[in-house]
Amino acid sequence: MLFNTPEFIVFFISILTIVSILKYRKFQHIFLLLGSYFFFYFTSNIFLTLLIASTILDYYVGKAIFYTNDKKKKKILLLVSLSGNLGLLGFFKYVDFGISQVNHILEMMALPEIELLELILPIGISFYTFQTISYTVDIYRGKLAPSQSLKEFALFVAFFPQLVAGPILRASQFLPQLRNKINELGNGKNLRQIIIENQNLKFGITLMMFGFFKKMFFADNIAPLVNQIFENPIGLDSFSIILGTIGFGIQIYCDFSGYTDIAIGAAMILGFKIPKNFNKPYFATSPSDFWRRWHISLSSWLRDYLYIPLGGNKKSSDRTFANIAVVMLIGGIWHGASWNFVIWGGLHSAYLIIQKSITKKFPSVANNKFLKTKFGKIISIIIVQYFIFLAWIPFRVRDFDSMLYSIEKYLIWDFSIIDIIDIATMNKIPIVLIVSFITLQIISYKKINLLEVFSNLKLKYWSLLLMTVITLILLLYDLNPHDFIYFRF
Amino acid sequence: MNNNLKIIFGVFCAFILSLTIFSFYMEFYESGVLYNTNWLENFNLTESFNDDQQTINPKHVSIEFLKRIFGG
């Protein structure tokens with residue numbers, strides 16, 4: 001069930017209606033869990049069993065870790081959880097990729113190839129696996145007490161707004177929201193009544209509207225330009241390649257942050273707070289700043305559960321660089337079993353290592369007066385984004401020769417007037433959308449919080465705005481809704 | 001009226017109005033009134049709700065409309 005289909009609208013309205021009608025808190029929570037399972041079953045069919053298996057495994061392992069005092073036993077239990085979760089993820093996501101790599105070697109040795117398993121990737125597995133791993137690791141580290149109820153833990157894992165493409169929630173963020181505080185100091189024992197409050201309703205709908213607009217108006221209508229350019233980029237000039245790269249950067253941002261907005265908005269209407277996943281990433285002034293703004297829930301997960309346990313930046317420079325490389329390469333391959341994502345992760349690790357080396361050799365750079373001026377900031381944004389967008393090329397272009405060609409044209413400029421006219425006349429709408437998106441981003445960067453402004457409008461003006469947005473979406477609505485890009489991961 | 005109901009009413013009105021504008025737009029486009037001085041005077045708005053007709057892709061209609069207005 002895609003968010004951008006009428007089925008989801010019907011499903012969500014039904015959930016809201018029934019949750020509002022149900023008076024008993026327990027029934028509300030059970031209904032929300034069953035609704036989430038229905039949502040997942042509708043999207044993933046039989047793979048619902050994997051979600052339930054992962055939930056049961058981590059619930060009982062988490063409890064066992066918490067109640068045992070034997071350190072060795074705790075470690076073994078943690079390993080059971082990690083191997084269970086990572087085993088499932090590895091099997092479904094990377095087995096065929098591994099077999100195809102082995103086949104390359106076998107082919108060179110003139111040996112018979114191994115048959116591919118041709119497994120279907122269960123939707124959302126990369127997200128809920130990371131979510132459940134964080135739960136058991138937090139208990140192991142003594143940072144979290146286990147959930148006392150399987151229902152509540154199951155709802156944390158399966159909560160439908162963020163189930164298939166994040167944000168990756170932490171148990172410490174979600175589980176307390178299921179209970180009422182009975183005093184200022186701690187969590188109470190009562191289940192929280194799910195009440196749809198008007199402020200949350202208006203804010204949530206506005207956020208969902210932002211999400212639909214980003215996805216269906218911008219991302220889906222910029223996609224044809226990007227597809228046209230990167231279907232066969234060999235022979236195109238630098239303008240086309242740069243335009244395609246900018247288009248893809250905007251498309252993937254609108255697609256993924258649009259999904260996140262819908263997820264956060266839907267959860268907010270139900271009274272749940274999900275932390276934001278994006279914070280104007282294309283205004284980052286350094287590679288590390290970019291990772292504080294892009295897919296925040298994944299980058300913070302990798303920092304807390306991989307980078308810091310590896311030693312972070314507390315050891316030698318070489319070790320820090322190695323840690324960055326390992327984390328970014330794993331972050332890359334998390335997106336999918338393909339060398340493209342490894343190259344993408346590798347490029348980002350190179351950016352971060354170069355930044356670390358420069359700031360270490362020239363500590364004054366961080367406090368440079370010019371870089372703190374408005375002009376200096378603009379220059380650093382442009383330079384950083386030039387390289388961030390360069391990394392989108394291996395992310396988007398699957399064929400190796402086409403990728404190398406595109407990177408070459410992106411870095412070494414070579415313009416052809418005929419190509420520029422051709423591409424511009426054939427893609428007027430996507431180009432207008434790209435320019436409009438950049439303009440909107442600049443407006444929102446100037447500290448105007450559009451979301452707050454719109455959700456605080458008087459009801460009649462707010463409805464008018466909603467009507468305008470729906471009409472704009474409808475006018476450019478393609479009858480075949482496009483998948484969210486991150487559903488594939 | 002309850003505040004939540006007011007908001008839901010606002011959303012409902014926004015939906016209905018935008019669907020109305022959208023239906024008029026599609027039908028006006030079909031009739032030619034949006035871009036052609038010799039538009040079909042006997043066009044029928046309700047025809048767009050006829051099940052036998054093939055569903056028109058709104059995006060293609062908008063692209064065609066913009067092409068006719070701005071050329072290209």
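The values are calculated or read from the model by the stated rules, or taken from the named source; none is laboratory data. Keep in mind it's a predicted model, so treat the numbers as computed, not measured. Glycine gets a Cβ as well: all are built from the backbone with ideal geometry, and neighbour counts include every protein chain shown.
When A:M268 is tested against (1) farther than 25 Å from A:I30 by Cα; (2) hydrophobic (A, V, I, L, M, F, W, C); (3) within 14 Å of chain B (Cβ to nearest Cβ), just one condition goes unmet, and that condition is (1). Per the listing A:I358, A:I324, A:I379, A:I353, the residue uniquely crowded, with 16+ Cβ neighbours inside 10 Å, free of Cβ contacts under 8 Å to residues at least 60 places away in the same chain and more than 22 Å from A:I168 (Cβ to Cβ) is A:I353.
With respect to A:T206, is the statement that it is within 14 Å of chain B (Cβ to nearest Cβ), buried (at least 23 other Cβ atoms within 10 Å of the Cβ) and among the hydroxyl-bearing types (S, T, Y) true? When the stated conditions are applied, A:T206 passes them.
Checking segment A:405-412 against the condition returns no match, with no residue being out of contact with any Leu (no Cβ under 8 Å at 6 or more places or on another chain), within 14 Å of chain B (Cβ to nearest Cβ), hydroxyl-bearing (S, T, Y) and in contact (Cβ under 8 Å) with a residue 12 or more places away in the chain. Taking segment A:441-473 as the range and being loosely packed, with under 13 Cβ neighbours inside 10 Å and more than 8 Å from chain B (Cβ to nearest Cβ) as the test, the residues that pass are A:I442, A:I443, A:Y445, A:K446, A:K447, A:I448, A:N449, A:L450, A:E452, A:V453, A:K458, A:Y461.
Scanning segment A:146-167 for residues that are touching a residue at least 12 places away in the same chain (Cβ under 8 Å), out of contact with any Gly (no Cβ under 6 Å at 6 or more places or on another chain) and either farther than 17 Å from A:F278 by Cα or in a loop (DSSP other than H, G, I, E, B) (or both) yields a count of 15. A single entry from A:S81, A:S14 fulfils the requirement of being farther than 30 Å from A:F213 by Cα, surrounded by 12 or more Cβ atoms within 10 Å (Cβ to Cβ), at pLDDT 90 or above and of a type in the set (G, A, S): A:S81.
Look at segment A:121-136: where a residue is at pLDDT 90 or above and a partner is acidic (D, E), sitting 6+ places away or on another chain with Cβ atoms under 6 Å, you get A:T132/A:D58; A:Y135/A:D58; A:T136/A:D58.
If you go through segment B:9-19 and pick out every residue that is at the interface with chain A (Cβ under 8 Å from one of its Cβ atoms) and more than 21 Å from the chain's Cα centre (by Cα), you end up with 0. Would it be correct to say that A:L48 is without any contact (Cβ under 8 Å) to a residue 12 or more places away in the chain, in the same structural domain as A:S126 (by TED's automatic domain parsing), surrounded by 16 or more Cβ atoms within 10 Å (Cβ to Cβ) and in a helix (DSSP H, G or I)? Here the answer is yes, as A:L48 does meet what is asked. Show the residue pairs meeting these rules: Cβ distance below 8 Å; 6+ apart or different chains; first residue within segment A:98-120 and of a type in the set (S, T, Y); second residue surrounded by 12 or more Cβ atoms within 10 Å (Cβ to Cβ). As it stands, the answer is A:S100/A:L116, since those pairs meet every condition given. Annotation note: of A:A322, A:A350, the sole residue that is at pLDDT 95 or above and assigned to a helix (DSSP H, G or I) is A:A350. Consider segment B:49-64 and keep the residues that are farther than 16 Å from A:I473 by Cα and within 13 Å of chain A (Cβ to nearest Cβ). The one that is modelled with the lowest pLDDT is B:Q54.
Within segment A:279-299, which residues are of a type in the set (A, V, I, L, M, F, W, C), crowded, with 20+ Cβ neighbours inside 10 Å and over 17 Å from A:I324 (Cα atoms)? Passing the criteria: only A:A284. I'd like to know if segment A:199-214 contains one or more residues that are modelled with pLDDT under 90 and of a type in the set (K, R). Scanning segment A:199-214, I find no residue that is modelled with pLDDT under 90 and of a type in the set (K, R), so the answer is no.
The one condition from (1) within 16 Å of the chain's Cα centre (by Cα); (2) in a helix (DSSP H, G or I); (3) in contact (Cβ under 8 Å) with a residue 12 or more places away in the chain that A:S300 does not meet is (3). Can you find even one residue in segment A:46-64 that is touching a Pro at 6+ places or on another chain (Cβ under 6 Å) and of a type in the set (A, V, I, L, M, F, W, C)? Checked against the condition, which is being touching a Pro at 6+ places or on another chain (Cβ under 6 Å) and of a type in the set (A, V, I, L, M, F, W, C), segment A:46-64 yields at least one hit. Contact annotation: residue pairs with Cβ atoms under 8 Å, 6 or more positions apart or on different chains, pairing a residue in segment A:232-255 that is within 14 Å of A:I431 (Cα to Cα) with a partner that is part of a helix (DSSP H, G or I) and acidic (D, E), are A:F239/A:D419; A:S240/A:D419.
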